[in-house]
Amino acid sequence: MDVHLTERQQKILWATVNYYIATAEPVGSQALAKEYEFSLSPATIRNVMGMLEKSGLLYQPHTSAGRVPSDSGYRLYVDELITPSHQLVHRVQQLLNKRLNPGQTSFETLVRHAAQILATLSGCIALITLPQPTSAAIRHLHLVQVEPQRVMVILVTDSYETHTVFMNLPAHLYQDENQNQNEEAEELIKQELQLLSNFLNHQLSGKLLSELSELDWHSLDRQFQAFAESLKQLFGDLSQRTHSSLPSPILVGGLAEFLRQPEFSELAQAQNIIQMLEEEQDQLWPLMYEQAHDPSSLDCRPNSPIQIRIGAENPLKPIQNCALVSSIYQRGKAPVGSVGVLGPTRMAYDKVIAFVEGTANFLSATISRPL
């Protein structure tokens, strides 16, 4: 934002935003003079607030009322006047590790509990997407012969999702079995499938589903060369299926916390937001996840992993009086999901940013652990 403030103006804007966040009441010069040690008279503070109003950073909701921050005022406050605490980020990670015991439950259950904790900490709605299908990593696969010429491949990901696909056996295997209908032939096929299953688990464990279509199956060991074409088609189809699937759902926590905020005391306004969260997640999802594909969508603070949309910066009408603070969580360096907090523009941004970043760091560390 191209507004240059003096040090005094910055201090008055910082104090006005802080006071309004704490009280939800329009802020007057007398209140600031009493609450903060500025060594300035109320008249001087009032003059500075008037200049901030002319700059579009504050406004008066009523002629006789004090002033409140505008979306532009919050934006300047977030970008230039606060520094989220790295210690608070670390404490949030520690809290989640202590409360959720990673490794002892499914990742989806972990995410649901993390969303509830984030909502309680922030007093707002917590939004966490499950890992995208293409970002899931292979934990285990198993081959089961279901017909003489067909094998079912059961693939389990690190988030415990199961994918089932079918593969045709190389012709010479099931033709040989048809010609030799005996236990010895069946046992040979069973052994070969077990060897192939072991080989694939060794080769694919930990790889992302999105990588499967890029693997060179023609470079297989000689022992498995006969399966090259079948494997290429099998995993190409699986990769395409996950690419074309719908975005993973957004898990929502903290609606009760959200409705306690005075900004959402009007039922109609709250209903529009709740309807969007329940029925129109496909509109919200790109806002949370675009950061992974468009680094320019980040807020202006240097080296920030956080995206912040304030008020009218949100393109969705139901949340244009809200702020959305979000961050990507990753497996290694690959983005797999998003953590967000949705609340009134009057939110404690320094704390919420730390809560979101700490939660994203916790999920990144959890999903990046070796399988």
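The values are calculated or read from the model by the stated rules, or taken from the named source; none is laboratory data. If you're wondering where the values come from, they're calculated on a predicted model, not measured in any experiment. Cβ: placed from backbone, ideal geometry, glycine included. Neighbour counts: every protein chain shown.
Could you tell me whether the range 14-30 includes any residue that is within 25 Å of Pro305 (Cα to Cα) and not β-branched (Val, Ile, Thr)?
There is at least one residue in the range 14-30 that is within 25 Å of Pro305 (Cα to Cα) and not β-branched (Val, Ile, Thr).
When the residues of the range 203-247 are filtered to those that are of a type in the set (D, E, K, R) and part of a loop (DSSP other than H, G, I, E, B), the one that is modelled with the highest pLDDT is Lys207.
Residues are listed down the side, and each one gets a yes or a no for (1) within 20 Å of Gln330 (Cα to Cα); (2) in contact with a strand residue (DSSP E or B) (Cβ under 9 Å, 6 or more places away or on another chain); (3) not assigned by TED's automatic domain parsing to the domain that holds Leu200:
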{"position": "Gly66", "(1), (2), (3)": "no, yes, yes"}
{"position": "Arg91", "(1), (2), (3)": "yes, no, yes"}
{"position": "Leu96", "(1), (2), (3)": "yes, no, yes"}
{"position": "Ala119", "(1), (2), (3)": "no, yes, yes"}
{"position": "Leu127", "(1), (2), (3)": "yes, yes, yes"}
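Of the helices (runs of 4 or more DSSP H) entirely within the range 1-96, those holding at least 3 residues that are of a type in the set (Phe, Trp, Tyr) occupy 7-23.
Condition test on Ile128, is it part of a strand (DSSP E or B), crowded, with 22+ Cβ neighbours inside 10 Å and in contact with a Phe, Trp or Tyr (Cβ under 9 Å, 6 or more places away or on another chain)? Yes, satisfied. In this entry, Asn18 passes the filter for residues that are crowded, with 20+ Cβ neighbours inside 10 Å, out of contact with any Lys or Arg (no Cβ under 6 Å at 6 or more places or on another chain), free of Cβ contacts under 8 Å to residues at least 24 places away in the same chain and not hydrophobic (A, V, I, L, M, F, W, C). Considering the conditions (1) in contact with a strand residue (DSSP E or B) (Cβ under 7 Å, 6 or more places away or on another chain); (2) closer than 25 Å to Phe227 by Cβ; (3) at pLDDT 80 or above; (4) not hydrophobic (A, V, I, L, M, F, W, C), Pro131 is excluded by exactly one of them, (2). In the condition set (1) over 22 Å from Pro286 (Cβ atoms); (2) in contact with a Gly (Cβ under 6 Å, 6 or more places away or on another chain), Pro131 is compliant with all but (1). Summed over the range 46-62, residues that are within 20 Å of Glu263 (Cα to Cα) and surrounded by fewer than 18 Cβ atoms within 10 Å (Cβ to Cβ) total 4. For the range 312-325, filtered to residues that are at pLDDT 95 or above and out of contact with any Pro (no Cβ under 9 Å at 6 or more places or on another chain), the residue that is surrounded by the fewest Cβ atoms within 10 Å (Cβ to Cβ) is Leu324.
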